[in-house]
Structure formats: C-alpha cells, structure tokens
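Notes to accompany the following structure.
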Amino acid sequence: MITLTPKTLSPFSFLCNPIPKHQNQNSKYTIVTQYSDSSSKPTFNSNCESEFQTERGLKFDIGETFFRHESATGRDLGVLAAALYKRSKDKLRVLDALCGCGIRSLRYLIEAEADFVLANDANDDNGKVITENLSQVESSSGDDPRWAVTLLDANRIMTECYLKRDFFDLIDIDSFGSDSSFLRSAINALKLDGLLYVTSTDGFSSGGRRPQQTLAAYGAYVRPMPYSNELGLRMLIGGAVRVASVLGYRVTPLFSYYSYHGPIFRVMLRVNRGKLPDNRNYGFISYCHNCGSSQEYSWAELGRMSCPCSDSKVSKSLVVSGPLWTGPLHDTVYITEMLHLAEEWGWAGSGSRTDLDKLLNQMVAESDPRLPFGYTKLDEVASRAKVNSPPLRAVMSTLEKEGYAASRSHIESNAIKTNCSMAGCIRIAKQLQQCSSAE
C-alpha cells in the first residue's frame, strides 16, 4: 500500500500522532511504499472487494470506503466553484480534508484543473484506493507535484499546513453529523479570499429535536419550525460566521445546497479578513404556531420578541431559533456564473433540464434579495385555509401578479419562498379554491 504523509512541523505533541518512519526529509510530502515493487505505478485493484463507479465520465474504485452516488450533485457544485476560482485567480490549490475514496480530489484535478490537490483521509485502510484513483493523473508536472495523499486526522493536517504557512485556495470538508470542530483549523489553513466548502448531515438537530447539540456545535439554539431544512443551512453558516469572527475573518455564502438523502447540508463560503458590517445578517428567527408568521430579530431586540397576532404580548405560540445566519443563502452573480459554466460544459442548458440545471436555476431565483428567510409549505397554507392544497404554479402566478416576489424552493418541492405573509397566502389559496369551484 502507498501512503503519503507530511513532515510533522508542529512542536506540540498533542497535535500530532507519531511520525511514520522512513521519511524522505527532502520532500514536502514523504512517500512511504509498501509495494513489493516500489518502482511500479499503482494500478486499479481487481480483487473482489473493489467496486468501480463512474461519475461524469471518470472511472474510480470505492473499495470499502463510504460512498454515496447521490452526493454527485454536491460534488458537481464544488467542481464548478473550483473551476471559477481557477479561471479568476489562474491558480488553484485544493485540500480535500476528508476525501473518502478520492473521487472529489480526482474531479478537482481533472475537471477544475487544480494545480495541486492534497487528498487526506484519517482511515489508513483507504490509502491504496485513494492513491490508485488519483494515479489516473500524473503525480507531478515538471518539478511541481500535482497531488499527494495523507492519512491523518483532518484537524491535524490542516493545523500543520497552517503552521508551515502552506495555505490552500479551496478546502473541502465533507464531514459527518454536526461536527464543527474542523472550522477553526480550516479557516486558518485557507488563503485570503479562499473558498471553504463545509458540510452537515444532522437533520435531527436542524429539525429542533436536539437544541443542546446545535448550541454546542454551532452556537445556535434551534427549535422546531416548518422550514427546518433551511434552518440546517443557516445554522451551518452561522457557526462558520461565529468561528471566523473570533479569528478576525468574515465569511460570505456563495451557495447553499440541501439534499434529502442523508440529509446533506453543504455551503460554499468565501473567507476574507475583516469584521462583519453592522447589519450582520446574524440574528434570531421566530415562528408563530398560532398564525404561521415568521419574523427576524436582531440582538438589540432580544427581550422584545412577540407576534402581532398576540397584541405584542408574550405568547407560548412563538418559538425562536438562533443566533443563525439570516442573510442570503446564495450570491446571485456567482450562481449565475456557475450556471453559465455548467452550460459551457454541457451539464446544463440546451433544453437538457438535468437535475443540476433545475437546481442552479432554482438557486438563481432563490437569490432574489426581496425574498426573506424560510419558505412557505403549501400544505400548511391549505390546512390553515381549510381548502385543498392549491397548485404551486397558480399560487406563484397570483403572487407575482399582485407584486410579490416568489420562487420555488430547491429544499422543499411543494413550497415557495415569498415576501407575502402567511395571511396573504391563505387569502390567495381561498381565492384559487373559489375559482376552481366556479369552473
């Protein structure tokens, strides 16, 4: 098996595991070979444990690693963002901190044309399959390496990169659950104006079922609300905002993606020096179970939260979550550029109506600055109006005719994002039901 490990530069033993033996002190990433023929190039393993997959035309072996074919869309989005960065900066160094079988690393190398990718995974058993997958790309270009593999704890490798000032343009952290412990070390190892691609798979916490867990992981006390999956994205961004602020950085979400399998919450953040502006988009969100309305509150409004339906009095029907990110989930210009690149590559457009094409177009619509946080489920509207659930297109058409902003939600298929109140949506649902009955 081939494993590649960096020199240990940290003098602190609590940051590091024992250093592997046989290190070549002349190279940044030391190669430790355990093949019988160390001069041979790794080849795909053909034993019975191998399982080959194909993604965007790239063949790879997943071995015994954890792999989800359904996560391909999240990888598509990451590659598009990486390619845009490469085009704008003319250089791209990627750290894939939890790389699994290495398919993301391979795609960053080939599709985004990364200059260098460091593929890291904490599982020693994954070393061979990662190396064999990446061996489809030449390991070096002239004197410069194209890729390397390390088998270390993600926090350790990012901390070591920070200590030796080996910064990356994009760091991809495809973590499990609500593990936010990677955020600090990732931000430290990232270049200014770099991209940080973060993950959560904790649907229970975003649903308000484990508020103590979200408080510990992201600094947000999350309560049950109808748009819980959007809250999952907002608590993830909010957690990054909090950590970055401590370090003197500010983060801006470029896109936010939810998928029901898992579930998966993925956010691409741009990291820069500086404090958040006064209007920080980092506050509290309320939902009233009585009337269905939602409101945003700043820190200065703590202690004065109420719903108009209760005559501004404290009501048990009002639940509050936060602090969370309350600003836009996507950057309109950036998402549009991603869509154009996807069309250029044949991944979207030309009447293809692929899942990626639909997703990117929905994200563009969702990025309308007039749209508030959350989304309105049409089933909830129908229940409150005591009518059948109205057709989504009919509701959106009526809202737009009345001057409201409206878009579909990529998070919930039978929901809309709109700046119309719940009372207004109920009125429209009743009107549509009357028109339907009259016909």
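Within segment 217-225, the presence of at least one residue that is part of a strand (DSSP E or B), at pLDDT 95 or above and not polar (S, T, N, Q) is confirmed. The set of residues in segment 396-413 being in contact with an Asp or Glu (Cβ under 9 Å, 6 or more places away or on another chain) and among the polar types (S, T, N, Q) consists of SER407, SER409. On inspection, PHE255 qualifies as of a type in the set (Phe, Trp, Tyr) and open to solvent by less than 10 Å² (accessible area, probe 1.4 Å). Does at least one position in segment 104-118 carry a residue that is at pLDDT below 95 and either over 17 Å from the mean Cα position of the chain (by Cα) or at positive phi (or both)? For segment 104-118, residues at pLDDT below 95 and either over 17 Å from the mean Cα position of the chain (by Cα) or at positive phi (or both): absent. The residues on offer are GLY351, GLY403, GLY346, and the sole one that is under 16 Å from LEU77 (Cα atoms), open to solvent by 30 Å² or more (accessible area, probe 1.4 Å) and outside any helix (DSSP H, G or I) is GLY346. When each of LEU233, LEU196, LEU183, LEU163 is tested for being surrounded by fewer than 19 Cβ atoms within 10 Å (Cβ to Cβ), aliphatic (A, V, I, L, M) and at pLDDT 95 or above, the lone residue that passes is LEU163.
I'd like the residue in segment 260-311 that is in contact (Cβ under 8 Å) with a residue 24 or more places away in the chain and among the small types (Gly, Ala, Ser) and, out of all such residues, is farthest from PRO224 (Cα to Cα). Across segment 260-311, the extreme among qualifying residues is GLY274. The residues of segment 132-185 that are assigned to a helix (DSSP H, G or I), without any contact (Cβ under 8 Å) to a residue 60 or more places away in the chain and either touching a His at 6+ places or on another chain (Cβ under 9 Å) or of a type in the set (Ser, Thr, Tyr) (or both), listed by number, are TYR162, SER185. Checking VAL94, VAL129, VAL79 one by one, the residue that is in a strand (DSSP E or B) and either of a type in the set (Asp, Glu) or buried (at least 20 other Cβ atoms within 10 Å of the Cβ) (or both) is VAL94 and no other. For HIS340, are the conditions met, namely being part of a helix (DSSP H, G or I) and open to solvent by 20 Å² or more (accessible area, probe 1.4 Å)? Against the criterion (part of a helix (DSSP H, G or I) and open to solvent by 20 Å² or more (accessible area, probe 1.4 Å)), HIS340 qualifies.
Table: residues versus (1) in contact with a Pro (Cβ under 9 Å, 6 or more places away or on another chain); (2) small (Gly, Ala, Ser).
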site	(1), (2)
SER88	no, yes
ASN123	no, no
ILE130	no, no
ARG146	no, no
ILE157	yes, no
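Pick from segment 406-419 the residues that are in a loop (DSSP other than H, G, I, E, B) and free of Cβ contacts under 8 Å to residues at least 40 places away in the same chain: which of them is farthest from PRO263 (Cα to Cα)? Top of the filtered list is ASN414.
Across segment 279-319, the number of residues qualifying as open to solvent by 40 Å² or more (accessible area, probe 1.4 Å) and assigned to a strand (DSSP E or B) comes to 3. Any chance segment 423-435 includes a residue that's of a type outside the set (Phe, Trp, Tyr), open to solvent by less than 80 Å² (accessible area, probe 1.4 Å) and not in a helix (DSSP H, G or I)? Looking through segment 423-435, none of the residues is of a type outside the set (Phe, Trp, Tyr), open to solvent by less than 80 Å² (accessible area, probe 1.4 Å) and not in a helix (DSSP H, G or I). Cβ-Cβ distances below 8 Å connect the following pairs, each with a first residue in segment 426-439 that is within 24 Å of SER293 (Cα to Cα) and at pLDDT 90 or above, a second residue that is assigned to a helix (DSSP H, G or I) and among the charged types (D, E, K, R), and a separation of six or more residues or different chains: ILE426/ARG384. When residues in segment 359-400 are screened for being touching a residue at least 12 places away in the same chain (Cβ under 8 Å), of a type in the set (D, E, K, R) and assigned to a helix (DSSP H, G or I), 4 of them pass.
The values are calculated or read from the model by the stated rules, or taken from the named source; none is laboratory data. The structure presented is a predicted model; accordingly, all values stated were derived computationally and were not measured. Reconstructed Cβ throughout: ideal geometry from the backbone, glycine too, with neighbour counts over all protein chains shown. Remember, those area values only see protein heavy atoms, side chains included, never the ligands or the DNA or RNA. Shrake-Rupley method; radii C 1.70, N 1.55, O 1.52, S 1.80 Å.
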